[in-house]
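Undergrad: Shown below is the structure under consideration.
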Amino acid sequence: MKFDLEDDSPKEECGVIGIFAPNEDVARMTFFGLYALQHRGQEAAGMAVADGQTMSTYKGVGLVSHVFTPAAMADLKGHYAIGHTRYSTTGSSSLRNAQPFMIETIHGPLALAHNGNLINSAELRNELMEQGVGFSSSSDSEVMTLMLARNGEGTWEERIKHAMKKWVGAYSLVILTRDCVYAVRDPWGFRPLCIGLLPSGGHAVASETGALQTLGCEAIRDVKPGEVVSLSNSALKVMQALPPIKPSAMCVFEHIYFARPDQIWDGVNVHHVRQRLGEELAREMCNNSMDVGLMADVVIPVPDSSTPAAIGFSHESGIAYNDGFIKNRYVGRTFIEPTDSLRKRGVALKFNVINENVRDKRVMMIDDSIVRGNTTGPLIKLLRNAGAKEVHVAITCPPIAHPCFMGVDMGKHDNLIAHKRTVDEIREFFGADSLYYLSLDGMMRAVGRQGGFCQACFTGEYPIPVDMSSVKTGFEKVTK
Ligand code: SF4
């Protein structure tokens with residue numbers, strides 16, 4: 001059993017990477033690429049490597065640096081590789097659902113790693129089971145792998161294109177055959193996937209540009225919605241397998257929380273977006289008759305993802321910025337059960353307060369989002385115990401009132417504190433002096449685009465029609 005000491009953040013399902021690098025130690029490169037994607041999933045990691053003839057894979061439960069020992073990587077030889085870091089809510093099935101999935105097919109070995117969630121995976125799984133196909137996991141990524149293996153004649157590009165016509169939902173994929181890496185993005189463009197030129201002349205593709213920069217890539221561009229890009233040569237081969245859906249539905253939460261601040265997505269830098277979110281928040285509060293400049297003595301972020309927003313808020317409001325919390329970055333999930341007295345400390349196991357920075361002060365606490373609402377109240381209490389006179393809370397996105405079906409673990413409607421509660425009821429529940437959420441318009445002004453983003457967890461308007469009674473969020477299913 002595992003004990004989750006994570007904070008109240010939405011959880012991303014994973015990060016993916018694919019590399020074609022002739023004459024290089026591609027497994028080692030994949031390891032460092034995965035290392036840069038660790039924030040997108042800490043439960044399991046894996047990679048598959050091919051040398052033009054054969055393929056080998058290794059995966060395990062835990063952080064990238066724990067899974068890949070020198071001994072584990074000794075047999076991973078070749079010029080083509082894909083890798084995966086996974087977040088999941090489960091304990092026992094973690095290894096079963098770890099990726100890449102690798103199988104032998106009539107067309108040669110095949111491995112696949114996936115970021116996202118197929119909305120119609122239950123239906124596709126049933127279709128395959130009726131045809132006598134068995135499964136070793138409960139993951140939709142295995143469904144995708146087996147569908148590719150069963151598609152008939154033609155090239156791998158044609159088989160991928162054929163399968164894409166049946167896949168409904170979010171998928172940024174890397175696929176490995178014995179002599180090619182394919183990068184595939186769904187036609188809505190939910191999750192990011194970017195591609196870059198390696199100094200040696202090969203190519204790499206990854207969930208975030210930061211991983212590509214780690215590998216020394218230049219000339220980075222996004223894999224476009226609906227594209228299949230083949231990495232097997234010095235020149236990229238690009239196929240528009242499905243027409244891109246207009247407007248696109250990029251996940252706005254990549255900007256709010258998931259992506260590392262150095263990520264550039266669709267030409268926009270995430271760090272700058274987060275600073276603008278803080279500026280918009282301060283401006284909007286003023287426009288709503290709140291005398292922001294006078295209501296607090298210090299602005300503090302809930303680290304780490306809220307730090308740029310708190311800096312932006314401070315610039316715009318004129319309130320001094322300071323650190324108030326120190327977060328233990330190494331506390332996440334642990335197999336060691338806390339003692340009863342430690343368990344009662346809750347978020348204090350993860351956050352310490354710098355008392356001198358908040359004592360006798362009116363504090364403006366900036367956070368990126370509130371999902372289940374199990375952290376905000378305890379953080380406010382920590383600040384009050386440290387001597388804060390008042391604690392105001394400002395959030396850089398609107399209330400999250402609807403679950404995500406596209407690969408982000410936010411729980412179900414009943415788990416979300418903003419579902420069927422007013423802002424004032426939530427404020428009272430937390431014990432905050434005030435609570436303000438940025439508006440949808442303010443959030444999109446900070447992102448710098450008005451359209452092309454999924455905002456369903458705020459609005460309930462899903463880019464793909466969702467039948468609530470039959471669809472799972474993509475997370476409870478892995479507990480079977
Ligand atoms: S529902 Fe929210 S978290 Fe899910 S894809 Fe849309 S914006 Fe992202």
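Undergrad: For E461, E279, what's the fewest-to-most ordering of other Cβ within 10 Å of each Cβ?
TA: Least to most surrounded, the residues fall as E461, E279.
Undergrad: Related question: Normalised by the number of residues in segment 3-249, what is the relative contact order in percent for Cα pairs under 8 Å and 6+ residues apart?
TA: Rounded, it is 21 percent for segment 3-249.
Undergrad: Then there's this: Three principal axis extents, largest first, for the C-alpha atoms of segment 53-119, in Å?
TA: Dimensions of segment 53-119 along the principal axes of its Cα atoms: 36, 34, 18 Å.
Undergrad: If one puts a single equal scatterer on every Cα of segment 366-444 and applies the Debye formula without solvent, what log₁₀ I(q)/I(0) results at q = 0.11, 0.21 Å⁻¹?
TA: -0.29, -0.97
Undergrad: For segment 268-462, what is the Kirkwood hydrodynamic radius in Å, using each pair of distinct C-alpha atoms?
TA: Here the Kirkwood hydrodynamic radius works out to 17.3 Å.
Undergrad: Could you work out the per residue convex hull volume over the alpha carbons of segment 3-249, in cubic angstrom?
TA: 125
Undergrad: Below 8 Å between Cα atoms, with a sequence gap of 6+, how large is the relative contact order for segment 268-462 in percent?
TA: On the way: 355 pairs, mean separation 42.9, N = 195.
Worked out over segment 268-462, it gives 22 percent.
Undergrad: Where Lys and Arg each count +1 and Asp and Glu each count -1, what net charge lies around G78 among other residues with Cβ under 13 Å from its Cβ? Don't jump to the answer; show the numbers that get you there.
TA: Numbers: positive: R28, K77, R178; negative: E24, D25, D51, D75, D179.
Neighbour charge sum, excluding G78 itself: -2.
Undergrad: Right, here's the next one. If contacts are Cα pairs under 8 angstrom and at least 6 residues apart, what is the relative contact order of the chain in percent?
TA: Relative contact order comes out at 16 percent.
Undergrad: 5 Å is the cut-off here: which amide hydrogens, built 1.01 Å from N in the peptide plane, fall below it relative to T105, excluding neighbours closer than 5 in sequence?
TA: L110
Undergrad: Quick check: convex hull of the Cα atoms in the chain, volume per residue, rounded to a whole Å³?
TA: 140
No lab work stands behind these numbers, since they all come straight from the coordinates. Quantities reported herein were computed from a predicted structural model and do not represent experimental measurements. Heads up, the Cβs are rebuilt from the backbone with ideal geometry, glycines too, and the neighbour counts pull from every protein chain shown.
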